[in-house]
Structure formats: structure tokens, C-alpha cells
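Here is the structure we will look at, set down as C-alpha cells.
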Amino acid sequence: GEPAGRGSDLAGTRVLISAGGTREPLDPVRYLGNHSSGRQGVALAKAALARGGQVTLVGANLEVPPPDGISLVPVSSAAELAEAMLREAAQADIVIMSAAVADYRPASVETTKIKKTSANEELTLRLVRNPDILRSLVQARSDRSVTDQVIVGFAAETGDADGTVLDHARKKFEAKGCDLLVVNKVGTGVGFGTDGNRVDILARRRPGGEPEVIGSADGSKLAVSHAVIDALGVLRS
Ligand code: CTP
Ligand code: CA
């Protein structure tokens with residue numbers, strides 16, 4: 001159900017959201033992909049719509065239907081997602097990168113189907129890095145000297161020998177230059193393909209301050225979405 005009391009706090013606000021998982025073509029019939037279903041991004045679109053926002057959803061291979069009443073831009077590869085997001089961001093007040101973007105793509109895309117022959121008992125794929133779309137969006141904002149656009153990133157982290165989930169998240173926050181980072185605690189039995197999510201929301205409380213946890217949520221992806229929009233309200237007020 002819809003949490004009560006948020007009214008139409010996004011009325012007149014243009015919200016751009018990326019959702020889903022990119023597919024990187026290998027040949028005309030194959031791609032490298034990931035397990036993102038698009039559920040979190042679609043939930044964000046629903047939450048933003050319910051709060052009066054004017055929503056554009058750039059959807060990469062969505063496995064769940066987006067709501068009526070939004071503008072849908074379907075894409076597949078990271079390159080297509082980048083192009084759509086950079087174009088649409090010029091008309092957005094809030095930009096949310098919830099899509100799972102492939103970090104690498106095949107170095108070359110074959111124009112004909114890759115055949116197995118007696119000569120290739122083993123096959124090695126060469127991959128190259130994809131551009132960082134979130135960083136490009138932050139860069140594009142500063143190039144346009146826009147000051148009031150808010151940019152949100154997502155991060156999936158596990159702790160490791162180098163640091164806790166929050167240590168890694170703080171570094172990612174600094175590296176990306178976004179205003180809000182929604183940190184997914186992965187490896188907790190929630191995340192891809194499920195309805196639940198556990199997140200901490202990082203932001204600076206004042207310009208130049210340290211990134212701090214300004215909100216958290218543990219529940220459905222819709223509940224997480226409303227918590228993200230609530231955190232945006234704190235930032236934008
Ligand atoms: N992202 C992006 N472009 C990429 C890779 C990631 O815009 N090429 C965005 C994601 O949509 C997400 C944020 O960056 O909002 C963090 O993604 P994540 O995969 O957690 O971070 P990476 O920077 O890719 O670092 P790593 O996977 O090595 O942890
Ligand atoms: Ca990544």
C-alpha cells in the first residue's frame with residue numbers, strides 16, 4: 001500500500017529514473033547480461049508518480065511492467081542507456097541511476113553468429129570498460145552550470161578485508177560526485193529478483209561535509225523508494 005502523508009511533494013518535479021540491467025551484444029544472437037529485473041527502478045517510478053512527479057523511465061530489459069502515466073524510453077546496452085540518460089537529464093530536476101550497468105562490454109561485436117569449429121575448443125572474450133554514466137551525468141550537470149539538479153546513485157556493496165559496506169560506500173560516494181547514494185546491503189538474501197531491499201542512504205548534510213547515513217529502509221522496494229524520495233526532500237529543502 002501507499003504510505004500516507006507524503007501528498008504531492010513532487011508536483012511539478014521532473015524525475016528521470018534508469019532501471020533494469022544492460023545487455024552487451026556479442027554477436028547478432030548473444031549478449032552479456034546481469035540478473036537485474038528492474039523492480040527497484042519501476043518501484044521508484046511508481047513512488048515518484050504517486051507523489052505527483054512527472055516521471056521518465058529509461059528501462060533496460062525490464063522484467064516487470066512499468067506503471068501507466070510515465071514516459072518510457074526502452075534501451076538495451078550501456079551505450080544506449082548512456083545516450084538516453086544524458087539526453088533526458090537536460091530536462092530533469094531529479095536523476096536516479098538505479099540501473100545495473102555492465103562495467104565491461106565485448107571489445108568487438110561480431111556481425112555474424114560466432115560459430116564453434118574444431119579450431120576453437122576454447123574461446124577467450126576480450127572486454128573493454130564501459131563509461132561511467134553516473135559520473136558523466138554529474139559532469140554534464142557541472143558543464144551546464146546547473147545548480148539545482150539532484151543526482152542519485154545506487155551501490156551494491158559487500159564488506160571485505162579492505163573495509164565495511166559503509167567504508168566502501170563512502171568511497172564510492174566521493175568517487176561518483178552524486179548527491180545521494182543508496183547503498184544496498186548485498187549478500188543478505190535480498191536484492192535481485194526479490195521484492196525486498198535493505199538500504200542505507202548516504203548524503204552530505206551540508207556542502208563540503210562528510211557523507212553520512214541520512215536515512216535507511218528495510219522493506220519492500222516500494223517502501224525503499226519512498227525512503228529515497230523522503231531523503232531527497234531533506235536535501236532539497
Ligand atoms: N553506474 C553507471 N555506469 C557504469 C557503472 C555503474 O552509471 N558504467 C552507476 C550505477 O547505476 C549505480 C552506481 O554507478 O548508480 C554504482 O554502481 P556500482 O556497480 O555499485 O559501482 P561501480 O562504480 O561500477 O563500481 P564496482 O562495480 O567496481 O563496485
Ligand atoms: Ca559496477
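The values are calculated or read from the model by the stated rules, or taken from the named source; none is laboratory data. Every value quoted in this text rests on a predicted model; they were computed, and no experiment measured them. So basically every Cβ, Gly included, is an ideal-geometry build from the backbone, and we count neighbours across all protein chains shown.
Take region 114-159 and flag every residue that is of a type in the set (D, E, K, R) and at pLDDT 95 or above. Even if it seems obvious, please write down each step before you answer.
Residues of region 114-159 of a type in the set (D, E, K, R): 115-116, 121-122, 126, 129, 132, 135, 141, 143-144, 148, 157.
Those that are of a type in the set (D, E, K, R) and at pLDDT 95 or above: ARG126, ARG129, ASP132, ARG135, ARG141.
If I filter region 80-110 down to residues being aliphatic (A, V, I, L, M) and touching a Pro at 6+ places or on another chain (Cβ under 8 Å), which single residue comes out as farthest from ALA60 (Cα to Cα)? Within region 80-110, the match that is farthest from ALA60 (Cα to Cα) is VAL109.
Among residues of region 115-139 being in a loop (DSSP other than H, G, I, E, B), in contact (Cβ under 8 Å) with a residue 12 or more places away in the chain and farther than 18 Å from ILE96 by Cβ, the one that is nearest to ligand 1 (Cβ to nearest atom) is ASN130. Considering only residues in region 96-113 that are surrounded by 14 or more Cβ atoms within 10 Å (Cβ to Cβ) and β-branched (Val, Ile, Thr), the one that is nearest to ligand 1 (Cβ to nearest atom) turns out to be VAL101. Against the test of being under 15 Å from the mean Cα position of the chain (by Cα) and crowded, with 24+ Cβ neighbours inside 10 Å, the options VAL15, VAL75 yield a single qualifying residue, VAL15. Restricted to region 140-171, and to residues there that are within 16 Å of ligand 2 (Cβ to nearest atom) and in a helix (DSSP H, G or I), the residue that is farthest from VAL183 (Cα to Cα) is LYS171. Summed over region 76-95, the residues that are acidic (Asp, Glu) and within 11 Å of ligand 1 (Cβ to nearest atom) give a count of 0.
Hey, could you check region 36-72 for residues that are among the charged types (D, E, K, R) and in a helix (DSSP H, G or I) and say which is surrounded by the most Cβ atoms within 10 Å (Cβ to Cβ)?
Filtering region 36-72 down to residues among the charged types (D, E, K, R) leaves 39, 46, 51, 63, 68.
Add one more test, that the residue is in a helix (DSSP H, G or I), and what stays is 39, 46.
Values: ARG39: 24, LYS46: 21.
The extreme case among them is ARG39.
Looking across region 172-183 at every residue that is charged (D, E, K, R) and either near ligand 1 (Cβ under 10 Å from one of its atoms) or not in a helix (DSSP H, G or I) (or both), the one that is farthest from VAL199 (Cα to Cα) is identified as LYS176.
Can you name the residue in region 201-237 that is outside any helix (DSSP H, G or I) and among the hydroxyl-bearing types (Ser, Thr, Tyr) and, of all such residues, is surrounded by the fewest Cβ atoms within 10 Å (Cβ to Cβ)?
Residues of region 201-237 that are outside any helix (DSSP H, G or I), as a first pass: 201-220, 237.
The next check asks that each one be among the hydroxyl-bearing types (Ser, Thr, Tyr); those that pass are 216, 220, 237.
Numbers: SER216: 16, SER220: 16, SER237: 6.
Filtering first and then ranking leaves SER237.
Could you please tell me which pairs satisfy a Cβ distance under 7 Å, a separation of 6+ or placement on different chains, a first residue in region 148-177 that is over 18 Å from ALA227 (Cβ atoms), and a second residue that is in a loop (DSSP other than H, G, I, E, B) and of a type in the set (A, V, I, L, M, F, W, C)? If the second residue must be in a loop (DSSP other than H, G, I, E, B) and of a type in the set (A, V, I, L, M, F, W, C), the pairs left are GLN149/ALA92; THR158/VAL186. Each residue in region 12-36 was checked for being over 19 Å from VAL152 (Cα atoms) and not acidic (Asp, Glu), and 11 of them qualify. For the condition hydroxyl-bearing (Ser, Thr, Tyr) and within 29 Å of SER225 (Cα to Cα), SER118 does not qualify.
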